[in-house]
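Only one structure is covered here, and it is reproduced in the block below.
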Amino acid sequence: MTARRAFLLGLEVLVPIAVVALWAAWSASSTSFYFPPLSKILTTFKDTWLFDRVGSDVVPSLLRLLAGYALATAIAVPVGLALGLSPAARRASAPIVEFLRAIPPPALIPFGIVVMGVGNTMKVFIIVAVCVWPVLLNTVDGVRGVDAQLIETSRAYGIGMRDRLSSVILPAALPQIFAGMRTALSLAVILMVISEMVASTNGIGYFVLESQRTFAIPEMWSGIVLLGLLGYVLNLIFGVVEARVLRWHRGARSAAR
Amino acid sequence: MAAATTAPLMAQRTGRRRLRVPHALQGVLAVLAVLALLELVTAIGFLPQRHFPLVSDDFRALVEQLGDGGFWTQVGQTLEGWAIGFGLASVIGIALGIVIGSSEALHSATRVIVEFLRPIPSVALIPLAVLIYGTGLQSKVFLATFAATWPVLVQAIYGVRDVDPVAMDTARAFGFGRLARMRSVALPSSVPYVVTGLRIASATALILVVTAELVIGAPGLGQAINVARSGGDFELMYALIIATGLLGWGLNTVFVTIERRLLRWHPSQRLAEAGR
């Protein structure tokens, strides 16, 4: 069995390496304009992103991303708690939420440009307008899913509404809120890129599209690689934070098994 | 005597219930209230009228569009990209997902690659799509397919791997072959996962199609919104945004309905029905 596990682990590590190696080998002699050799992409990556354009493109992008993401969470969690606790509010808001959520986010960009111009406000607004929904809906579901007995018990012990919210309802809903926040994170990256592609003078999305328009193909590829790495690393960081915040949850669950 | 006293009581109770607004109506009332508020706020000039036309004018523009052939062509173009992209993504995602999910070795071999490719924002590939496929339908389909395949693939892998081992062993004990086990045990039990994946994929495909129309100017609703904006026709712009939202909402409703009907036997749906 251990031999099998070692075999599986080997596959898990070696296959991705093999794929990258294959790409390098296949593209090494490539003369195609659109698919430059991997080595060339990597050299361009080093020249472009380490650390030439970090201040001019990467930092503005990340700041917009984080501002929008943080704002969306700050709005969605309290509203979600309120909607989760009040069935009447939930019913009344359901059609509005369903409709707003269904608008494909890029369709909001023209609206953002008209109302807020092409600056940072518009981009942060777009990110907020999209990231709010998964967090909101998951918070509502999380609050609704809180064990009724827990709430009854805390009420019976005379725990006030405020304490009940902060030490019973919120923690119980937290795992699901995190699930929503994970979805929102990848949406935030996507919307950051789109908003920069449509109207911007800096940022990673702007750089990638501009490279393509000026036929700077290795630069374009290096930007795509950077965005891939960014998405991957953000997901990784999120996983670490989630594991730490929800340590009690995972522990309790695995102990119960 | 007893009957005489209960009768007015009953009447009273039903009377009180009649005063209460029915649940379905509450949402409608809330929508109307929001629209009325927006109309009021724009009418008194609290929001600049230049950028916020009267809501009633937006809806008038929308109704006008509904009678316009050009509008339906755009809806058709958007739906065409959505349908092809979503269809390809479903086929690729389900087929690969079942193959990968049913083999431990393949799952290990592909896990890192899937985990690395999945969070890549698909929009990063827009420039590549333009280079290779130009600015037409093909680019839309490429982007939508790339983005929508992941949710289906990941859900299908989870679904196939999450099969109850007891059911699998039972089938094996009864002499079911590999294919028969796949067809009558693994597939049905992975359906709930796959259907959820398909619903997410449908929304993702629509998002990417509209993005492609907006960013690279492929014909469709997204492009029409952008044209309306740059032409300063804000009523039309809002009308088209509302139309796009309704389209997304309609597609989502279709999928939720199918999911509910298809999975009537599944505990998650049964619970949801009971909970309502």
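The values are calculated or read from the model by the stated rules, or taken from the named source; none is laboratory data. Note that the structure is predicted; figures quoted are calculated from it, not measured. Note: ideal-geometry Cβ built from the backbone for every residue, glycine included; neighbour counts use all protein chains shown.
The set of residues in the stretch B:117-145 that are in contact with a helix residue (DSSP H, G or I) (Cβ under 7 Å, 6 or more places away or on another chain), more than 14 Å from B:Trp82 (Cβ to Cβ) and touching a residue at least 60 places away in the same chain (Cβ under 8 Å) comprises B:Ser122, B:Val123, B:Ile126, B:Ala129, B:Val130, B:Thr135. Answer yes if at least one residue in the stretch B:227-236 is assigned to a helix (DSSP H, G or I), farther than 24 Å from A:Tyr206 by Cβ and at pLDDT 90 or above, and no otherwise. Within the stretch B:227-236, none of the residues are assigned to a helix (DSSP H, G or I), farther than 24 Å from A:Tyr206 by Cβ and at pLDDT 90 or above. Listed here are the helices (runs of 4 or more DSSP H) enclosed by the stretch A:86-174 that have at least 1 residues being free of Cβ contacts under 8 Å to residues at least 12 places away in the same chain and closer than 27 Å to B:Leu240 by Cβ: A:87-102, A:108-116, A:120-144. The residue of the stretch A:202-233 that is nearest to A:Lys123 (Cα to Cα), among those that are buried (at least 21 other Cβ atoms within 10 Å of the Cβ) and among the hydroxyl-bearing types (Ser, Thr, Tyr), is A:Tyr206. The single condition among (1) surrounded by 12 or more Cβ atoms within 10 Å (Cβ to Cβ); (2) assigned to a helix (DSSP H, G or I); (3) more than 14 Å from every other protein chain (Cβ to nearest Cβ) that A:Val15 does not satisfy is (3). Being at pLDDT 80 or above and either under 29 Å from the mean Cα position of the chain (by Cα) or assigned to a loop (DSSP other than H, G, I, E, B) (or both) is true of B:Leu88. Residue-level analysis places A:Ser167 outside the set of residues that are polar (S, T, N, Q) and either within 13 Å of chain B (Cβ to nearest Cβ) or surrounded by 23 or more Cβ atoms within 10 Å (Cβ to Cβ) (or both). Does B:Gly250 meet the test of being outside any helix (DSSP H, G or I), surrounded by fewer than 16 Cβ atoms within 10 Å (Cβ to Cβ) and free of Cβ contacts under 8 Å to residues at least 12 places away in the same chain? So B:Gly250 does not fit the description; no. Within the stretch B:188-222, if we keep just the residues that are crowded, with 22+ Cβ neighbours inside 10 Å and not aliphatic (A, V, I, L, M), the residue that is farthest from B:Glu80 (Cα to Cα) turns out to be B:Ser190. Of the residues making up the stretch B:130-148, those that are of a type in the set (Val, Ile, Thr), in a helix (DSSP H, G or I) and closer than 17 Å to B:Thr211 by Cα number 3.
Does the stretch B:166-186 contain any residue that is away from chain A (no Cβ under 14 Å), hydrophobic (A, V, I, L, M, F, W, C), in contact with a Gly (Cβ under 9 Å, 6 or more places away or on another chain) and at negative phi? Scanning the stretch B:166-186, I find at least one residue that is away from chain A (no Cβ under 14 Å), hydrophobic (A, V, I, L, M, F, W, C), in contact with a Gly (Cβ under 9 Å, 6 or more places away or on another chain) and at negative phi, so the answer is yes. Among the residues of the stretch B:54-97, those that are surrounded by fewer than 19 Cβ atoms within 10 Å (Cβ to Cβ) and within 30 Å of B:Val185 (Cβ to Cβ) comprise B:Gly87, B:Leu88, B:Val91, B:Ile92, B:Ala95, B:Leu96.
A:Thr31 satisfies every condition listed in (1) over 29 Å from the mean Cα position of the chain (by Cα); (2) in a helix (DSSP H, G or I) except (2). Of the residues making up the stretch A:11-34, those that are farther than 25 Å from B:Arg111 by Cα, without any contact (Cβ under 8 Å) to a residue 12 or more places away in the chain and not small (Gly, Ala, Ser) number 1. Just need a number here: residues in the stretch A:50-61 that are crowded, with 17+ Cβ neighbours inside 10 Å and either in contact with a Cys (Cβ under 7 Å, 6 or more places away or on another chain) or part of a helix (DSSP H, G or I) (or both). Here the count works out to 4.
Quick test for you: out of A:Ala76, A:Ala88, A:Ala94, A:Ala102, pick the one residue that is in contact with a helix residue (DSSP H, G or I) (Cβ under 8 Å, 6 or more places away or on another chain), more than 30 Å from B:Ala205 (Cα to Cα) and of a type in the set (A, V, I, L, M). Only one candidate qualifies: A:Ala88.
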